[in-house]
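**Student:** Handing you a structure now.
The values are calculated or read from the model by the stated rules, or taken from the named source; none is laboratory data. Every value quoted in this text rests on a predicted model; they were computed, and no experiment measured them. Cβ placement follows ideal geometry from the backbone for every residue including glycine, while neighbour counts extend to all protein chains displayed.
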């Protein structure tokens, strides 16, 4: 009896999740009347706007990942090595972007960095791009920090540091050639989450008026019928790809040592 | 080359708070791009255009349209959080305790990871293609079974439509968070309870539920905040036809639809307060639940 309810709960759950995926896939194939075809995909992929915005978002994602790694790895490493009592506070701060809605944060950016402020980032295209990148970095901070911090937990940070120092390594060498390779798997899984977030992000890019993939999807959705469904399938495939890559790289992660405490 | 010996350098290092320099980039970053922008909105909510302190903006929120926007937002968030908790819990319990084969677990958790990240604009498209006026399910029900969802009063661009859509990322999030908690229920507790003569229902009511309660309520708060701040899904789904807070704030930032910038700050401040309360509950209850589920 118990097992019957368990199967029923699972079946209900699966139906709810499969139907929308089926719905969007079916709809995306219906552009040509009467037969299934890939017309909607061909239309979307051939759209220069699609190529432009998608490239823009991919480049933004890569820059965000680079910035995030340069910011988070040294910080998490330093906190574990020298300032362990700061750890709960830093962790709390990194979770704040989950608490404060993105729309509020970007509203603050627009007010704080407008053309008449002390740091007029929104005054130029490069400045606005930089501001958007910092916004993306903020949004991905909870995932990036958590991933890297968990990765650092599995290695003995202080022993590695002392060993490297006694061989004459400086801080940059230690970070780049000792710590980073050891937490690479964790960094990669943080990077793939960041990629998924940036590619789908809508609010910040739309309010900062940047030609990113999220606002493009929204615009297409407001004006077309079949192409949005094709875009949704593509976006789902990308999300799925990012998560699959995380699963794959985490197979190679070192297992946490048995806790001596 | 310095003339100082390493020990001399070291003693200076330990006197000056140089250790703190290591977190300086991080501190600068979060100050510039997290704290200051948020504080700016909070302060702006309590200022008039001349920069003087005032409560008028907060009082200005007390108009029927803004109150109803908050109310609808809170209702949608609450409904999707409660349903997400219930369904997510049932599925997680079915997999961990319901005697389903072990191999279901890993794909389910992977899929939950994907689905909880599949939010925003594409999610809205998926639901439009499924439950929209010419969506897969709508058409199937109308032509094959003869149920017209529209005549039954269902509309995707409504309270229930938005709630059903939000559930797509709420349920997986619940599954991801609650599965470890369910795994933490020790078999010994159940055995001890049944040796003492407890029925299955009594075990759940008196042992399992009190232990899980903080995580359940905490996750509820997290799911609430999660859907309260969701902007992209709502805009892509409804355009601006549904009066909820994120959409209203989006329109306000775009074009000052309220006709008063400072009222916009107050609106944003209200969002911080609501998600802040929900997350405080989450963090507090999480700390409590970890005591048992270590």
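Here's the yes/no breakdown for (1) within 18 Å of the chain's Cα centre (by Cα); (2) surrounded by fewer than 21 Cβ atoms within 10 Å (Cβ to Cβ); (3) within 19 Å of residue B:128 (Cα to Cα); (4) modelled with pLDDT of 85 or more:
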site: A:196; (1), (2), (3), (4): yes, no, no, yes
site: A:206; (1), (2), (3), (4): yes, no, no, yes
site: A:219; (1), (2), (3), (4): no, yes, yes, yes
site: A:222; (1), (2), (3), (4): no, yes, yes, no
site: A:233; (1), (2), (3), (4): no, no, yes, yes
site: A:249; (1), (2), (3), (4): yes, yes, no, no
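**Student:** Here is a follow-up. Can you pull out the helices (runs of 4 or more DSSP H) entirely within region B:180-274 that have at least 3 residues that are out of contact with any strand residue (DSSP E or B) (no Cβ under 9 Å at 6 or more places or on another chain) and either away from every other protein chain (no Cβ under 13 Å) or crowded, with 19+ Cβ neighbours inside 10 Å (or both)?
**Tutor:** Working: elements: B:187-195, B:200-203, B:209-228, B:232-238, B:245-255.
Ranges flagged: B:187-195, B:209-228, B:232-238, B:245-255.
**Student:** Confirm whether residue A:59 is more than 13 Å from every other protein chain (Cβ to nearest Cβ), closer than 29 Å to residue A:132 by Cα and part of a helix (DSSP H, G or I).
**Tutor:** In short, yes.
**Student:** On to the next question. Can we say residue A:79 is over 22 Å from the mean Cα position of the chain (by Cα), within 7 Å of another protein chain (Cβ to nearest Cβ) and either surrounded by 18 or more Cβ atoms within 10 Å (Cβ to Cβ) or part of a loop (DSSP other than H, G, I, E, B) (or both)? Give the steps one after another, and end with the answer.
**Tutor:** Working: over 22 Å from the mean Cα position of the chain (by Cα): yes; within 7 Å of another protein chain (Cβ to nearest Cβ): yes; either surrounded by 18 or more Cβ atoms within 10 Å (Cβ to Cβ) or part of a loop (DSSP other than H, G, I, E, B) (or both): yes.
Yes.
**Student:** Output the residue which, of all residues in region A:89-109 that are in contact with a helix residue (DSSP H, G or I) (Cβ under 6 Å, 6 or more places away or on another chain), more than 7 Å from chain B (Cβ to nearest Cβ) and more than 18 Å from residue A:131 (Cβ to Cβ), is surrounded by the most Cβ atoms within 10 Å (Cβ to Cβ).
**Tutor:** Ranking the candidates gives A:94 first.
**Student:** Another question, if that's okay. From A:86, A:70, grab the single residue that is assigned to a helix (DSSP H, G or I), within 11 Å of chain B (Cβ to nearest Cβ) and out of contact with any helix residue (DSSP H, G or I) (no Cβ under 8 Å at 6 or more places or on another chain).
**Tutor:** Step by step, each of A:86, A:70 is checked, and only A:70 is assigned to a helix (DSSP H, G or I), within 11 Å of chain B (Cβ to nearest Cβ) and out of contact with any helix residue (DSSP H, G or I) (no Cβ under 8 Å at 6 or more places or on another chain).
**Student:** Next question, about the same structure. For residue A:6, state whether it is surrounded by 19 or more Cβ atoms within 10 Å (Cβ to Cβ), within 11 Å of chain B (Cβ to nearest Cβ) and more than 30 Å from residue A:160 (Cβ to Cβ).
**Tutor:** When the stated conditions are applied, residue A:6 passes them.
**Student:** Here's another thing I want to ask about it. Kindly establish whether residue A:43 is modelled with pLDDT under 95, part of a helix (DSSP H, G or I) and surrounded by 14 or more Cβ atoms within 10 Å (Cβ to Cβ).
**Tutor:** So residue A:43 fits the description; yes.
**Student:** With A:50, A:27 as the choices, which residue is within 14 Å of another protein chain (Cβ to nearest Cβ), in a helix (DSSP H, G or I), closer than 30 Å to residue A:129 by Cα and touching a residue at least 24 places away in the same chain (Cβ under 8 Å)?
**Tutor:** Numbers: A:27 fails: closer than 30 Å to residue A:129 by Cα.
Only one candidate qualifies: A:50.
**Student:** Another question, then. Which of the following residues is more than 22 Å from residue B:170 (Cβ to Cβ) and touching a residue at least 40 places away in the same chain (Cβ under 8 Å): B:225, B:268, B:230? If you could, list the steps in order and put the result at the bottom.
**Tutor:** On the way: B:225 fails: more than 22 Å from residue B:170 (Cβ to Cβ); B:230 fails: more than 22 Å from residue B:170 (Cβ to Cβ).
Just a single option satisfies the conditions, and that option is B:268.
**Student:** Something else now. Got a number for residues in region B:170-199 being over 16 Å from residue B:96 (Cα atoms) and without any contact (Cβ under 8 Å) to a residue 60 or more places away in the chain?
**Tutor:** The total comes to 9.
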